[in-house]
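The values are calculated or read from the model by the stated rules, or taken from the named source; none is laboratory data. In this text, all values refer to a predicted model and were calculated from it rather than measured experimentally. When we count neighbours, we look across all protein chains shown, and the Cβ atoms used for this are built from the backbone with ideal geometry, even at glycine. Protein only, heavy atoms only, side chains kept; ligands, DNA and RNA dropped before computing areas. Shrake-Rupley method; radii C 1.70, N 1.55, O 1.52, S 1.80 Å.
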Amino acid sequence: MIYNILFGGAAGQGIDTACTAFENFLLHAGCQVLSVKDLMSRIRGGHNFNLVRFGDQAINSHDTKLDGLVAMNKETLERHAEQISAQGFMLCDDKIEFDDPRLIKIPLTKTAKDLGNPKTAGSVAVGALLGLFGMDPRSAGEIFEALLGQSAVSINVQAVQAGIDAVSQQFDQPIARPGKRMLVSGSQTMALGAVAGGLNFYCAYPMSPSTAIMVHLAGCSQSCDLVVEQAEDEIAALNMAIGASFAGARAMTGTSGGGFSLMVEALGLAGITETPVVIANVQRPGPATGLPTRTEQADLKFVISASQGEFPRIVIAVRDHLDAFYQTRRAFVLAERYQVPVILLSDQYLGDATSVIDTPDLTGDGIPDPPDVQIPTPYCRYRDSENGVSPRILPGHPEHLVLADSDEHDECGRITESAEVRVTMTNKRLRKLDSISAELEEPWLYGPEDADVCLVGWGSMSGPLKDAVDRLGEQDGQRFAALIFGDVYPLPTTRLTALAGQAKKPRLVNVEQNATGQLAGLIREETGIGMANSILRYDGRQMSGREIAGRVLEEVGT
């Protein structure tokens with residue numbers, strides 16, 4: 001049993017607060033939840049909405065087919081009425097003029113004013129939802145204290161109860177699932193993964209949709225003993241992170257594509273100085289300002305090749321909320337182990353989406369231990385080695401001088417223009433890729449290994465692709481699967497080439513949120529394997545599992 005509810009209205013009408021409160025009621029009720037945001041780049045006005053999907057089953061993707069709608073204005077009804085099922089409902093204020101038999105009109109505004117605060121209209125609507133689904137409101141006090149503070153608890157609890165009293169139950173409540181779980185956004189789990197990876201220093205310039213990482217880390221900076229710094233721009237942010245790492249901190253910065261563009265020169269500095277650093281790029285549509293509050297997957301080839309020259313880096317696309325935690329934690333391990341920049345790719349869809357997840361497992365490969373290295377005398381920071389990784393000590397070592405420079409240098413860090421040394425140092429750095437490739441994680445395969453059609457995607461396409469495979473099931477004797485990449489550079493190829501080399505080869509269909517099929521191009525470049533078809537979307541809105549399944553049947557066939 002899964003339900004889809006939309007909260008809609010203008011910016012400034014409190015739909016995000018109301019939606020967050022409802023999500024927390026669902027968490028307390030033991031429901032599975034996935035909530036995604038569609039918002040305009042403005043402070044007031046316009047049309048924003050949140051899609052909340054909840055129930056007693058695993059939820060991989062959002063859906064635009066609705067069971068209910070909470071409308072804070074008439075425009076929301078006009079835009080979304082066609083998406084609601086015949087048995088669904090539209091909840092709105094009794095002053096809104098709209099004709100539809102599914103309407104449930106209650107005095108949201110009047111009730112809130114009578115209680116003494118017009119801003120509680122959203123809480124009245126939340127209460128009405130609880131009443132429609134027969135959900136227990138007893139956790140209201142705890143929820144509103146966490147969201148709004150103790151002073152706002154009493155009036156919002158009253159508002160919720162007023163909403164409950166205004167309706168009758170129409171739907172069965174989803175069955176609760178016991179367990180220790182948490183409600184988090186994708187950016188919040190990335191921040192938690194950074195803390196679990198040993199983060200000491202985070203520096204960034206605010207840029208949507210990456211700012212949530214910095215906000216969450218700033219909120220826990222004292223309890224987690226972190227330094228969180230807001231830089232004057234993205235150039236300074238990465239340079240400060242590199243400096244902190246050079247001094248011994250585990251450092252990270254976060255931005256979106258436009259900010260990453262400013263970081264490109266500093267990325268090269270991390271490459272030539274072999275300084276470990278983690279960079280999160282929470283993608284949005286470009287170029288330039290593009291669509292600042294929308295989603296896209298168009299930075300893949302950019303981050304793989306960013307900065308002049310050739311040097312090793314690792315690029316990891318996070319696939320879901322838990323994966324964002326584990327891959328961010330792993331990013332610090334890899335950055336330290338190979339002394340390279342590690343770039344994490346997320347996007348607005350996953351970064352801003354909230355989900356109920358099981359509490360992450362904190363055991364395993366977490367905070368990397370300081371390397372136990374033999375320090376040769378004389379010490380050379382960039383000593384040539386078999387795997388390209390040199391002994392690393394921190395500046396201030398009592399016995400050795402640590403030299404580093406953005407110019408090409410010899411083994412001891414001294415500037416050089418020797419052609420022979422240049423070749424030696426370039427080869428040394430690039431040899432790291434052999435060791436990195438040996439511990440790449442293969443893409444997830446969802447569905448049967450002998451599927452007839454295999455959908456290929458990366459990052460946040462994970463949930464929609466899984467949902468599409470489930471929806472497609474078996475069509476005319478054809479079976480479907482999905483291959484979902486997390487590690488994208490270096491590209492792991494073992495599972496892909498095994499699938500492509502089977503006697504019964506599946507038709508490969510790349511599914512991406514960009515206009516050119518960037519992963520498909522990378523796969524073709526690295527392996528020679530081409531895709532039979534492409535399903536692409538690049539209007540700033542995320543494909544759902546329902547949309548992917550429909551387009552597979554329409555455009556790809558069976």
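Structure above, values below:
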item	result
Rel. contact order, % - alpha carbon contacts under 8 angstrom, at least six apart, the chain	12 percent
Solvent-accessible area per residue for the chain (1.4 angstrom probe, square angstrom)	41 Å²
With every protein chain in place, the chain: carbon and sulfur % of accessible area (1.4 Å)	48 percent
GluC sites (Glu not before Pro) lying in DSSP loop within region 232-291, provided at most 11 other Cβ fall within 10 Å	E232
Degrees separating the helix 186-196 axis from the principal Cα axis of the chain, which is the longest one	40 degrees
Percentage relative contact order, region 214-293, counting C-alpha pairs under 8 Å, at least six apart	27 percent
Spatial separation of Cα centroids for region 406-474 and region 494-558, in angstrom	18 Å
Only Lys, Arg (+1) and Asp, Glu (-1) charged, at Cβ; region 422-528 dipole about Cα centre in debye	580 debye
Check: the chain dipole with +1 on Lys, Arg Cβ and -1 on Asp, Glu Cβ, in debye	660 debye
Region 35-113 and region 177-210: distance between their alpha carbon centers, rounded to Å	29 Å
10 Å Cβ shell holding at most 11 others, DSSP loop, trypsin sites (Lys or Arg not before Pro): longest site-free stretch of the chain	181-503
Angle in degrees between helix 121-132 and the longest Cα principal axis of the chain, rounded to the nearest 10	80 degrees
Whole-angstrom Cα spans of region 109-199 along principal axes, big to small	50, 32, 18
Added length on full extension, which subtracts the Cα-Cα distance from 0.36 nm per residue, S437 to I375	19.7 nm
